[in-house]
Amino acid sequence: MISLNTWDILIIFGFFAITLGIGLYVSKSSGKDSSEFFLSGKSMPWWLLGISMVATTFSTDTPNLVTDIVRTNGVSGNWVWWAFLLTGLLTVFIYARLWRKSNVNTDLEFYELRYGGKPARFLRGFRSIYLGVIFNVITMSAVTLAAIKIGGIMLGLEPWQTVVSAGLITVIFSAVGGFKGVVYTDFLLFFVAMGGAIGAAYYLVNIPEVGGLEALLSNENVKAKLDILPDTSNTKTLITLLIIPLAVQWWSSWYPGSEPGGGGYIAQRMLSAKNEKHAIGATFFFNIMHYAMRPWPWILVALASLVVFPDLESLQQAFPIVADDKLGHDLAYSAMLTKLPSGLLGLVLASLVAAYMSTISTQLNWGSSYIVYDFYKQRVNPNASEKRLVAVGRISTVGLMILSALLALLLQNALQLFEVLLVFGAGTGLIFILRWFWWRINAWSEITAMFVSGILSLLFKLTPLGDYLFATEIGILPDWMEYPTVVLITTAAWLIATYSTAPESNEVLNSFYKKINPGGPGWKKIVEEARAEGTELDNGEKWSVPSGIQAMLYGTVLIYSLLFATGYWIYGRWTGALILTAVAILSGSVLILKWRQIKATIT
């Protein structure tokens, strides 16, 4: 436990005051109508939205999760989330413009644009609760769990004290400031969070116990954890950490912030952009910062923690105040922060508070938008006034905060929850990618995938069936087969449902095509049938997917090259660093040329 001096306290409370002030300042304009409260009137510039996306995904649980991964599986273990870059760049170069064209208020409203009848209405209403409440509360509880661990280790706070103190300011400015308050404060939160993370990494690598970067990298506890790519001689590790994420996970799994085809709060940012170009610019900026630039400060602290706290026993001895049910490798990040000096400690604590507030405020506003637009307005009060919708939005914001705080008190481990959420959405991602470009997918496809994936995940994670099938020692199948099995069964189930049920009506399909103009061979049948009946659906716009995929591939090479080059510069592997830097420059130059071609086709 640490003691805060006057400067630390002033930094933290000054930050609180500024954040709350921003929320109160924009409260009047945010409360004018529901569009302002949830989308800021769809007038946001790319740079502000991009920074907001980065700030939102920089949460208190993120450095804890990365620390847990590095201590458990080494740096290469991060491929479990690095693989999502592929779907992130598909969103940038293909789906961002489609979402902005749709002009919906939430990504769930898309269901009644793409599908028709009672199944579409059910899907929209059910997922508003399933995602906006259940999934959202689980995600926020993981963030709050990290705050609980930080408060317990660094300040000796009881879990309830952390929940109340961390959540109160956040829920106030989220409820009064709406989406505009969230985005404006994210701009401040981003710089505070990045400054704190970089400052902490620099200081902690150089504390006497670690001895500087060279000593860190040569430490016996650290050397085996440094590889960016998994050990190819260990088949199980290679399959689990690299092959499955790159071959299956990125396109097949729904996960908040990394949804195939875009969705959730990323879609909310794209929908609030000024136009298609700003939507694309925001998501590209986010992917560069999220994958290429931000991980290394957290990784360095995680590696340093292996020197100071090499195992769980050492963590338990150093922090006996931490309850046994909260003890895990993710505690090591907070444990390292206790060694920071005054001043820097205040900045880092403020950065962690910033990370918490940014993520929670986004989740609250996003989840509340589902409750208001996709449940309350659709099913409870279709004629509700704009004033009433804003009021319901503020009430639901507070309710979501309370539910997530209560659940956080019951959780133990961030990585554990991350793995559960990954499996929970396994097999659904392919639908989110294809539904824009294949007319045959219908509402029953999505309903089937959602329920099959959820039921299988619960069976495998919470019942003896999972151990019977996949346990490391006694299972019929190796444990790494659990995720592909869920994907395979779910995909087969929704394909059977698709061909066993009637397609959407021509009226619905024609209306969707005319509005979005997705193009491609997946819509050829519908376009030709409409043309035969005297209706022209195609506006002559060139199909953007081939050039979008090319840009996605160039962008993937660029960002992975930057990620690896940064690591090699830190490791002192100069030859690899120079080669990867050159590859990044070359791929970036090619991407700029490709972007100019794409930009010319965007209205």
The condition from (1) modelled with pLDDT under 90; (2) over 19 Å from the mean Cα position of the chain (by Cα) that Tyr373 misses is numbered (1)
For residues that are free of Cβ contacts under 8 Å to residues at least 40 places away in the same chain, farther than 24 Å from Ser589 by Cα and hydrophobic (A, V, I, L, M, F, W, C), tally how many sit in region 533-572. 1
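Anything in region 474-518 that is of a type outside the set (A, V, I, L, M) and modelled with pLDDT under 90? List them, or say none. Spell out how you get there, then give the answer.
Step one: list which residues in region 474-518 are of a type outside the set (A, V, I, L, M), which gives 475, 478-480, 482-485, 490-491, 494, 498-501, 503-507, 510-515, 517-518.
Once the filter is applied, which keeps residues that are of a type outside the set (A, V, I, L, M) and modelled with pLDDT under 90, region 474-518 yields Gly475, Pro478, Asp479, Trp480, Glu482, Tyr483, Pro484, Thr485.
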The listed residue being in contact with a Leu (Cβ under 6 Å, 6 or more places away or on another chain) and among the β-branched types (Val, Ile, Thr), out of Val527, Val583: Val527
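Restricting attention to helices (runs of 4 or more DSSP H) lying wholly within region 497-603, give those where 1 or more residues are farther than 30 Å from Trp79 by Cβ and under 26 Å from the mean Cα position of the chain (by Cα). Walk me through how you get there before you give the answer.
Working: elements: 506-516, 524-532, 545-571, 574-599.
Counting at least 1 such residues, we get 506-516.
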When region 498-532 is examined, which residues are found to be farther than 22 Å from Lys101 by Cβ and without any contact (Cβ under 8 Å) to a residue 60 or more places away in the chain? Thr498, Tyr499, Ser500, Thr501, Glu528, Glu529, Ala532
Among (1) outside any loop (DSSP other than H, G, I, E, B); (2) over 16 Å from Ala142 (Cα atoms); (3) of a type in the set (A, V, I, L, M, F, W, C), there is one condition Ala355 misses while meeting the rest; what is its number? (2)
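Can you tell me which residue is nearest to Phe110 (Cα to Cα) among those in region 466-515 that are of a type in the set (Val, Ile, Thr) and surrounded by fewer than 19 Cβ atoms within 10 Å (Cβ to Cβ)?
Taking region 466-515 first, the residues of a type in the set (Val, Ile, Thr) are 472, 474, 476, 485-487, 489-491, 496, 498, 501, 508.
Imposing the further condition that a residue be surrounded by fewer than 19 Cβ atoms within 10 Å (Cβ to Cβ) reduces the set to 472, 474, 476, 485, 489, 496, 501.
Values: Thr472: 41, Ile474: 44, Ile476: 41, Thr485: 29, Ile489: 26, Ile496: 23, Thr501: 20 Å.
It comes out as Thr501.
Quick grid of which residues meet (1) modelled with pLDDT under 95; (2) surrounded by 16 or more Cβ atoms within 10 Å (Cβ to Cβ):
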{"site": "Val557", "(1), (2)": "no, yes"}
{"site": "Ser561", "(1), (2)": "no, yes"}
{"site": "Ala565", "(1), (2)": "no, yes"}
{"site": "Leu578", "(1), (2)": "no, no"}
{"site": "Ala584", "(1), (2)": "no, yes"}
{"site": "Ile592", "(1), (2)": "yes, no"}
{"site": "Lys599", "(1), (2)": "yes, no"}
{"site": "Thr603", "(1), (2)": "yes, no"}
Out of the residues in region 1-41 that are under 13 Å from Leu349 (Cβ atoms) and of a type in the set (Phe, Trp, Tyr), which is surrounded by the fewest Cβ atoms within 10 Å (Cβ to Cβ)? Phe13
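Considering region 176-191 alone, what residues qualify as being aliphatic (A, V, I, L, M) and crowded, with 24+ Cβ neighbours inside 10 Å?
First, pick out the residues of region 176-191 that are aliphatic (A, V, I, L, M): 176, 182-183, 188-189.
Hits for region 176-191 are Val182, Val183, Leu189.
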Inside region 150-166, can you point out the residues that are among the small types (Gly, Ala, Ser), assigned to a helix (DSSP H, G or I) and either surrounded by fewer than 22 Cβ atoms within 10 Å (Cβ to Cβ) or in contact with an Asp or Glu (Cβ under 6 Å, 6 or more places away or on another chain) (or both)? Ser165
Give the residue that is modelled with the lowest pLDDT, with candidates limited to residues of region 519-536 that are surrounded by 19 or more Cβ atoms within 10 Å (Cβ to Cβ) and closer than 27 Å to Trp595 by Cα. Gly519
Regarding region 276-289, can at least one residue be identified that is outside any helix (DSSP H, G or I) and among the charged types (D, E, K, R)? no
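The values are calculated or read from the model by the stated rules, or taken from the named source; none is laboratory data. Fair warning: this is a prediction, and the values are worked out from it, not measured in the lab. All Cβ positions, even for glycine, are placed from backbone atoms using ideal geometry, and neighbour counts span all protein chains on display.
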